[in-house]
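Following: one structure in structure tokens, then a few remarks.
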């Protein structure tokens, strides 16, 4: 799991499209598609390199009816997955 102090940001050139209720990414070969649902899309968009994981989680508690512990766990898990898919990087 990434540290709460890490500042996730998108990789240099992800191939994707924001569809407003979800975000769709395509790999370089077009062999795979990754679709983020609405909540995952919000987390991805908040991961712009200016916020820590803890700050992203706190913002989710304000936007959605979720407790901070759950938000922290969910943000860390998603960021970990997106780093693994090379859609986000941590600084």
Measure nothing but the geometry: give the 0 to 90° angle between the long axis through the Cα atoms of 68-84 and the longest principal axis through the Cα atoms of the chain, rounded to 10°. 20 degrees
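Can you give the helix-only mean residue ellipticity at 222 nm for the chain, where every DSSP H stretch with n ≥ 4 adds -39500 (n - 2.57) and the sum goes over all residues, rounded to the nearest 500 deg cm²/dmol? Display every interim value, and only then the final one.
Values: 3 runs with 37 residues, N = 91.
When only DSSP H runs of four or more count, the value is -12500 deg cm²/dmol.
Between residue 55 and residue 77, how high is the FRET efficiency from 1/(1 + (r/R0)^6) when r is the Cβ-Cβ distance and R₀ = 22 Å? Nearest 0.05.
0.85
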Would you kindly state how much longer the chain becomes between residue 67 and residue 86 on full extension, computed as 0.36 nm times their sequence separation minus their alpha carbon distance, in nm to one decimal? 4.0 nm
Tilt, helix 53-63 to longest principal axis of the chain (alpha-carbon atoms), in degrees rounded to tens, equals 80 degrees
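To make sure I understand, if each residue's beta carbon is the centre and we count other beta carbons within 10 Å, what order do 53, 85 fall in, fewest to most?
On the way: 53 26, 85 14.
By the 10 Å Cβ count, ascending, the order reads 85, 53.
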Rounded to the nearest Å, what's the spacing between the alpha carbon centres of region 36-60 and region 76-90? Just the number, please. 12 Å
Among (1) 12.6, 39; (2) 12.0, 37; (3) 12.4, 35, the entry matching Rg and Dmax of the Cα atoms in Å as calculated here is (1)
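Rule-based calculations on the coordinates, nothing more; no lab input. As the structure is a computational prediction, the values presented were derived from the model and not from experiment. So basically every Cβ, Gly included, is an ideal-geometry build from the backbone, and we count neighbours across all protein chains shown.
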